[in-house]
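Chemist: Encoded as structure tokens, here's the structure I'll be asking about.
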Ligand SMILES: [Ca+2]
């Protein structure tokens, strides 16, 4: 019996027994993927036979479905999350990466207004400066999530579409690239749409390569921030003290992932004061986090919000901010 017949029988039986989603031999037979192929042919002029061949190569990965169901940001407290990214080795390697690419960091700051330590912290948190860019085939990750993860299938279907267009633009083979379980790629873990929209050729060699080229990666992360509203010399976050009179108000006032609407003055009135003086008119959100020594309070400013545009998590943004300060401090003492 052919593999096709066996898997077809298995899927019929699985469906008949009601044990869950029917399993398809590969994505060339999956009905959603079939519709996707038709759309790619009609909307973007891809070759139908080539698209079907790629879909036949794509493999559903259960490990990806398990991984997306439990991202670290949603299951860990700040006390648990922080040490993952603030290890001394990650700081040391940040300094090394800075020293290795000084010119690119200076040019990125001049061009986009984003300081080196922030770009470094992003690349450090995302991939340990390009060391861990992911072991999943991007094609498998995006097809699995586009066609077998209903909660976010519209998002991943769009990213899969962008991935094929990116591959065509870059004259690359869609089977050849690896990334995270979500299909994020390269030093800065860009999704395909971000790659197409924000990645730049920062060393001027005619290629936009954030998979292997650290200089392009540096410029691309800085450009991403600039395009998402980063303010040159703007604040990110400052630790705050809460008096006994702290008026907490509604729970949803805290840890917001939105542009700040209140100001330092508003928080001051409610009993929350930054540890060093700031203009009272500065727009700020407030964070209350479970830290090593009990509850920690922070005021988070516009540029903090911009960091959450990279990854929608206040723990992520605060880890980036703290790593950036650690790297800058270490750089100042070594150079
Ligand atoms: Ca380049």
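Chemist: Taking square-rooted eigenvalues a ≥ b ≥ c of the alpha carbon gyration tensor, is the stretch 72-152 rounded, prolate or oblate, where a/c under 1.5 means rounded and, failing that, a/b exceeding b/c means prolate? Don't skip to the answer; put the middle values down first.
Modeler: Values: a/c = 2.26, a/b = 1.56, b/c = 1.45.
Since a/c reaches 1.5 and a/b is larger than b/c, the shape of the stretch 72-152 is classed as prolate.
Chemist: Then there is this: Report the residue, chosen from 122, 165, 218, that carries the largest GNM mean-square fluctuation when the chain is represented by alpha-carbon nodes joined by springs under 10 Å.
Modeler: Judging by the Gaussian network model, the answer is 165.
Chemist: Ignoring everything except DSSP H segments at least 4 long, calculate the 222 nm mean residue ellipticity for the chain; use -39,500 (n - 2.57) per segment, divide by total residues, nearest 500.
Modeler: The per-residue figure over the chain is -16000 deg cm²/dmol.
Chemist: In percent, how large is the relative contact order of the chain, given Cα pairs closer than 8 Å and 6 or more residues apart?
Modeler: 17
Chemist: If you don't mind, there's one more thing I want to ask. Could I have the simple spin-label model distance between residue 255 and residue 193, label points 7 Å from Cα toward Cβ, reported in nm to one decimal?
Modeler: 2.6
Chemist: Moving on. For the chain, what number results from the quotient of the Cα radius of gyration and 2.2 N^0.38 Å?
Modeler: 1.14
Chemist: Neighbour counts of other C-beta atoms within 10 Å: give me 320, 221, 238 arranged from fewest to most.
Modeler: With the fewest neighbours first, 320, 221, 238 line up as 238, 320, 221.
Chemist: Largest first and in whole Å, what are the equivalent-ellipsoid semi-axes of the stretch 151-206 based on the Cα gyration tensor, each being the root of 5 times an eigenvalue?
Modeler: Over the Cα atoms of the stretch 151-206, the semi-axes work out to 20, 12, 11 Å.
Chemist: Assign one of three labels to the stretch 280-320, namely rounded, prolate or oblate, based on the Cα gyration tensor with a ≥ b ≥ c the square roots of its eigenvalues; rounded applies when a/c is under 1.5, prolate when it is not and a/b is larger than b/c, and oblate otherwise.
Modeler: Oblate.
Chemist: Something else about it: Mind sorting 193, 220 by how few other Cβ atoms lie within 10 Å of their own Cβ, fewest first?
Modeler: 193, 220
Chemist: In percent, how large is the relative contact order of the stretch 205-335, given Cα pairs closer than 8 Å and 6 or more residues apart? Could the numbers behind the result be given before it?
Modeler: Working: 170 pairs, mean separation 34.7, N = 131.
Rounded, it is 26 percent for the stretch 205-335.
Chemist: Three principal axis extents, largest first, for the C-alpha atoms of the stretch 237-334, in Å?
Modeler: 43, 28, 26
Chemist: Rounded if a/c is under 1.5, else prolate if a/b beats b/c, else oblate: with a ≥ b ≥ c from the C-alpha gyration tensor eigenvalues square-rooted, which is the stretch 69-203?
Modeler: oblate
A short reminder: the numbers here are calculations on the coordinates, not readings from a lab. As the structure is a computational prediction, the values presented were derived from the model and not from experiment. Don't worry about glycine lacking a Cβ; one is built from the backbone with ideal geometry, like all the others, and counts go over all protein chains shown.
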